[in-house]
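The values are calculated or read from the model by the stated rules, or taken from the named source; none is laboratory data. Predicted model, so just to flag it, every value in this text is computed and none were measured. Every residue, glycine as well, gets a Cβ built from its backbone with ideal geometry; the counts of neighbours run over all protein chains shown.
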Amino acid sequence: MKNKLFQISKYSVGIAMLFCSTLLIAQTSKSDPNDSQGWYGAGVKIDLPKKWEVTIDYQSRFINNMRTYNGSYFTLGGSKKVSPLLTALADYRLVLADNGLYHRFSIGSEAERKWSRFDFAIRLLVQNRLQDFDELEKANDNSGYWRTRFLAKTALTKKLNLYVSTEPIMKFGGNYFIDNIRNTIGFKYKISDHTRIDLFYIYRPDFAKTTYNRLFQVVGINIDFNFKYLNPK
């Protein structure tokens, strides 16, 4: 028991250090294109009959060293396990951002494989983002993206899981083959049978600009609720 508590305390100290390090990053600008951000949210996943799942998520994001509110993200997703290894995915996201309204549609699949104490997954997504502005002089943005995520996770204790992932994001017709890369490390802790807390850190180099590159570091926390649909008789 003492060893488990010591392990958890070590992980907690490491996460706290990651949180503190991001506070030293300056806000995004052309002269100093770095920013630390905070993403905070909650989600509900419902297991349905015949291997279907539905997810509903909300996330609030803050930029400029986590001082400026940048928008609310509402996501409705669905998935269907089509084989022991493959799952089909789709979702819709509504973003109420500072500079306008975004609609994002995604479709793709994820393959999973277990090896020893580790679970590995590869997720492929195609996304289309539609952006609407109130100002008539600004044109709407209609962009497409291809996203590939490689993920590995393992159980550290009965209640604590560690996961790491890297996700290159490629914009169709963009200036570079890879638009940005999201490198993530996170911990999920089981509070109860239906509730988990997800604490994560994202290191995201961004190559979208032609004259300068950007770097975003994100710390975030999500509360995830999982339920199973029970068909009333």
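At-a-glance table
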read-out	value
Segment 38-56: number of residues that are without any contact (Cβ under 8 Å) to a residue 40 or more places away in the chain and either on the phi > 0 side of the Ramachandran plot or within 14 Å of the chain's Cα centre (by Cα) (or both)	4
Number of positions in segment 161-181 that are touching a Ser or Thr at 6+ places or on another chain (Cβ under 8 Å) and either within 20 Å of Trp115 (Cβ to Cβ) or modelled with pLDDT under 80 (or both)	7
Test: residue in segment 86-99 that is outside any strand (DSSP E or B) and surrounded by fewer than 17 Cβ atoms within 10 Å (Cβ to Cβ)	yes
Selection count, segment 48-69, where residues are surrounded by 17 or more Cβ atoms within 10 Å (Cβ to Cβ) and either in contact with a Pro (Cβ under 7 Å, 6 or more places away or on another chain) or assigned to a strand (DSSP E or B) (or both)	7
Residue selected from segment 199-220 under the condition under 13 Å from Asn180 (Cβ atoms), of a type outside the set (S, T, N, Q) and modelled with pLDDT of 90 or more, by the criterion surrounded by the fewest Cβ atoms within 10 Å (Cβ to Cβ)	Pro205
Single match in Ser83, Ser72, Ser109, Ser143 (criterion: of a type in the set (Gly, Ala, Ser) and not in a strand (DSSP E or B))	Ser83
Selection count, segment 137-160, where residues are touching a Ser or Thr at 6+ places or on another chain (Cβ under 7 Å) and buried (at least 16 other Cβ atoms within 10 Å of the Cβ)	2
Members of segment 105-122 found to be under 20 Å from Leu76 (Cβ atoms) and either in contact with a Ser or Thr (Cβ under 7 Å, 6 or more places away or on another chain) or modelled with pLDDT under 95 (or both), listed by number	Ser109, Glu110
Any hit, segment 159-169, residues being in a loop (DSSP other than H, G, I, E, B) and within 23 Å of Glu110 (Cβ to Cβ)	no
Neighbours by Cβ (under 7 Å, 6+ apart or cross-chain): first from segment 70-84, under 16 Å from Val218 (Cβ atoms); second surrounded by 14 or more Cβ atoms within 10 Å (Cβ to Cβ) and basic (Lys, Arg)	Asn70/Arg61; Gly71/Arg61; Tyr73/Arg61; Tyr73/Arg93
